[in-house]
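The values are calculated or read from the model by the stated rules, or taken from the named source; none is laboratory data. Keep in mind it's a predicted model, so treat the numbers as computed, not measured. Cβ placement follows ideal geometry from the backbone for every residue including glycine, while neighbour counts extend to all protein chains displayed. Heavy atoms of the whole protein, side chains included, go into the accessibility calculation; ligands, DNA and RNA do not. Shrake-Rupley method; radii C 1.70, N 1.55, O 1.52, S 1.80 Å.
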Amino acid sequence: MGEFIRIPKSVSDLRVMVKGGYIFADKSLLIRDLLNTESTGMIFTRPRRFGKTLAISMIDRFFNIKYREEEKSSDSFSGLRIERCPEWKESTHRL
């Protein structure tokens, strides 16, 4: 019959999106922006259903130490745009 596109419905966890093969907008370069900013705070304002929760899930998974061991065995960021950035390779998260 062929492959079909998996469209997420009420999925807001980055790991579920990547590992489940769902289609989504790759906003992983937001991590690069966070690593390169000297700002002490950020505000995420977008309309409803625009990916705010998924973006926060991605930021949480990248910076939260509780996911470090899990990410070593199965990287949720594999294949995303952030993986090609120098900041990614230099980040302490990847150690």
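Contact map, segment 8-19: residues that are in contact (Cβ under 8 Å) with a residue 24 or more places away in the chain and acidic (Asp, Glu) paired with residues that are open to solvent by 60 Å² or more (accessible area, probe 1.4 Å) and outside any loop (DSSP other than H, G, I, E, B), Cβ distance under 9 Å, separation 6+ or inter-chain. Pairs shown: ASP13/THR53.
Scanning segment 42-66 for residues that are without any contact (Cβ under 8 Å) to a residue 24 or more places away in the chain and open to solvent by less than 50 Å² (accessible area, probe 1.4 Å) returns a single hit, ASN64. Condition first: open to solvent by 50 Å² or more (accessible area, probe 1.4 Å), free of Cβ contacts under 8 Å to residues at least 40 places away in the same chain and part of a helix (DSSP H, G or I). Now tell me which residues in segment 31-41 satisfy that. Once the filter is applied, which keeps residues that are open to solvent by 50 Å² or more (accessible area, probe 1.4 Å), free of Cβ contacts under 8 Å to residues at least 40 places away in the same chain and part of a helix (DSSP H, G or I), segment 31-41 yields only ASP33.
Is it fair to say SER28 is open to solvent by less than 40 Å² (accessible area, probe 1.4 Å), touching a residue at least 12 places away in the same chain (Cβ under 8 Å), of a type outside the set (A, V, I, L, M, F, W, C) and touching a helix residue (DSSP H, G or I) at 6+ places or on another chain (Cβ under 7 Å)?
Values: open to solvent by less than 40 Å² (accessible area, probe 1.4 Å): yes; touching a residue at least 12 places away in the same chain (Cβ under 8 Å): yes; of a type outside the set (A, V, I, L, M, F, W, C): yes; touching a helix residue (DSSP H, G or I) at 6+ places or on another chain (Cβ under 7 Å): yes.
So SER28 passes the test.
The residue that is surrounded by the most Cβ atoms within 10 Å (Cβ to Cβ), counting only those in segment 12-22 that are under 13 Å from the mean Cα position of the chain (by Cα) and part of a loop (DSSP other than H, G, I, E, B), is ASP13.
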